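Report on the following structure.
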Amino acid sequence: MNDSENALAAARNFLSMGRWQDALDALGPAIVSDDTSAEAHCVAAQCLLGLDRMEEAHDTVVSALRIDPGSAYAYYLLACILFSLGRRGAALRAATEAARLMPESVQILYILAKCRLEVFDREGAQQASAMAVKADPQDPLAHLAVAEVAKGLLPLGEVEADRERWDAAERAFRTGLALDPHHEDLLLGLAHLLCLRNRVLEAAQIYLMMVRSNPSNELIHRALGNISVSFTGLENDWNKAAIGTMFRRDLVELKAPPIKALLADVISILSASQDSVRESLRRATNLLSTVRQSFGGGPRQAAEPMPAPDSEDAFASGWGASGLPPLVLPWDALDLEENPLPVNQVAARSLATALHFSADRVTEYDARIRALLVTSRGVYATDDNGARLHEIFVEMSARAVRHADIYRACGDVIAEFAQHTGLANAQVVNARNWADHARKQHAAAVQGFGFLLAVPLPPDGDDRRGFDESAADSFAEQLSDPSNMAAARRFGREAREWEEERQEAISSARDAVKLYREAEAGCVQTLRSLIDEYRSLLDEYPSTEPPAENSDIAADPAGGFNIQDLLNGPGGS
């Protein structure tokens, strides 16, 4: 090998050991040689990236592309650098070009998946991660791509909204770790996922193992601190549950008028359904009291009330504010005066949780009804309507099941709406941040131009947004220094590129609003169908009598149960 090739090999060796500055120092002969210049510039850019010298890394990889416009390695590095700088749209374009030039590279497909996910192209991100696994199923990075895409498909706080995807993320993390048990990104990703799923003991084991192998990793120590906080939170939650305060229904105002109006109809149906169960319970209670007294028993003592489903007033009271401070952000970076999504996904998630919790509670209540139903078969007394006690319990159970079904069906609809709302809201907020960052960088470029040439600039506003290379030329045409002219054009180019980024962010925000509107329309349509279905069934009930089961109460020769044993007859207490 010649001197330039030896220099490039030495630099790559230092690069593999993470010795960024040594690698840079070794590259001298390779940089100036025509045979190795393009690759040497890429290695230099990677070293600068490792040293967190982003602007220098960007300029270096751009130089590499001038030398070799078809370098997939250079486009890959450019995508990584732009991604780190927050230039999502430009990073995606660079990653897409790298993947076109080298479609079998797992590294390139990994950054492509991350870029697509960052601009909310979820299907594209899943496709890129699947291509990475297909390209090399033995590469842990491919499985890291699958896991990160699956984990990133939902915003924080929606952990249980789509269990299949989170299960898929965990499987991908573990598949990658089976190939490389010490892969730090896979370990950290899995531990973070386990924390989100409230499996903090498993996450703690991973963090402790990583700390033992790398005590200097500050990120791991910070994660261990979060684990400690999680344990404290678990203790507090457990204490609250132990004293009966596990469930609270103070909901943030939903701010989705069409859905809120339909939920008022749902509450009306639930109230009627609840009244029907309560009426059956009253009939059963009165009948039992009558039978008991007919066998010489005393008046039935008032028992502690059974846990009943939510009343209309109790349910409606949940629409009050939760006490959470509203998220206030400036939206002018998106050319908007306020958040285009007024709905609060916290309220939607809380409502879905309340509905599902109520469904579970009514189901538990029905289990108690069914236990009574089994033991009521031998009671042949009838009420004023000619219904036997057993028939009343059958009716009561059927109505309770339907009551739970209403809660659960509406909870499922609202949970799906909350999931889409969370996705849309996360996309809008990220688009706002994206646009705000682009706007600041655009302003910095314009300001840099002004400082360079000391010329008056357009006032801040729409006129500045059109500032580009040609505008820079028109301002600087009176200058003769070529270096100043080149710098002016560079500032103009940067201003144009950052304004393009801002426009891409605005487009992303519009897509999010469209996603929300579609979710709201779907939720409204489904709720209307449910309301029509359940309203028509309020006065009907199917036979839900369970099959005959053995009872602790001895059967009498006639085939019924001994009424005195069941109802505390003469001599009973």
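Peptides 419-429, 392-402 ranked from most to least packed, by the mean per-residue count of other Cβ atoms within 10 Å: 392-402, 419-429.
Solvent-accessible area assigned to carbon and sulfur over the range 1-110 amounts to 51 percent, based on a 1.4 Å probe. Could you tell me what % of all Cα pairs in the range 1-62 have separations over 16 Å? Tail of the P(r) past 16 Å holds 34 percent of the pairs. Extension gain, Gln525-Asp136: 0.36 nm per intervening residue step, less the Cα-Cα distance, totals 135.6 nm. Computed from the C-alpha gyration tensor, the three semi-axes of the ellipsoid equivalent to the range 37-106 are 17, 15, 10 Å, from longest to shortest. If you build the Cα gyration tensor of the range 10-127 and take the root of 5 times each eigenvalue, what three semi-axes come out, in whole angstrom, biggest first? That gives 25, 14, 12 Å for the three semi-axes. Using a probe of 1.4 Å on the protein chains alone, the accessible area found for Lys255 is around 110 Å².
By the gyration tensor of its Cα atoms, with a ≥ b ≥ c the square roots of the eigenvalues, what is the shape of the range 92-192: rounded for a/c under 1.5, prolate for a/b over b/c, or oblate? Oblate is the answer for the range 92-192, as a/c is 1.5 or above yet b/c matches or exceeds a/b. Taking the Cβ of Ile81 as the centre, find all other residues whose Cβ is under 15 Å away and add up their charges (Lys, Arg: +1; Asp, Glu: -1). Counting the neighbours of Ile81, the net charge comes to -4. When the listed pairs Lys114/Lys514; Lys114/Lys134; Lys255/Lys514 are checked against a 19 Å cut-off, the alpha-carbon distance exceeds it for Lys114/Lys514. When the GluC sites (Glu not before Pro) in the range 81-150 are filtered for DSSP coil states and for at most 16 other beta-carbon atoms within 10 Å of their beta-carbon, the remaining sites are Glu104.
The values are calculated or read from the model by the stated rules, or taken from the named source; none is laboratory data. Keep in mind it's a predicted model, so treat the numbers as computed, not measured. Cβ atoms come from the backbone with ideal geometry, glycine included; neighbour counts cover every protein chain shown. In case anyone asks, the SASA skips ligands and DNA or RNA and just uses the protein heavy atoms, side chains included. Shrake-Rupley method; radii C 1.70, N 1.55, O 1.52, S 1.80 Å.
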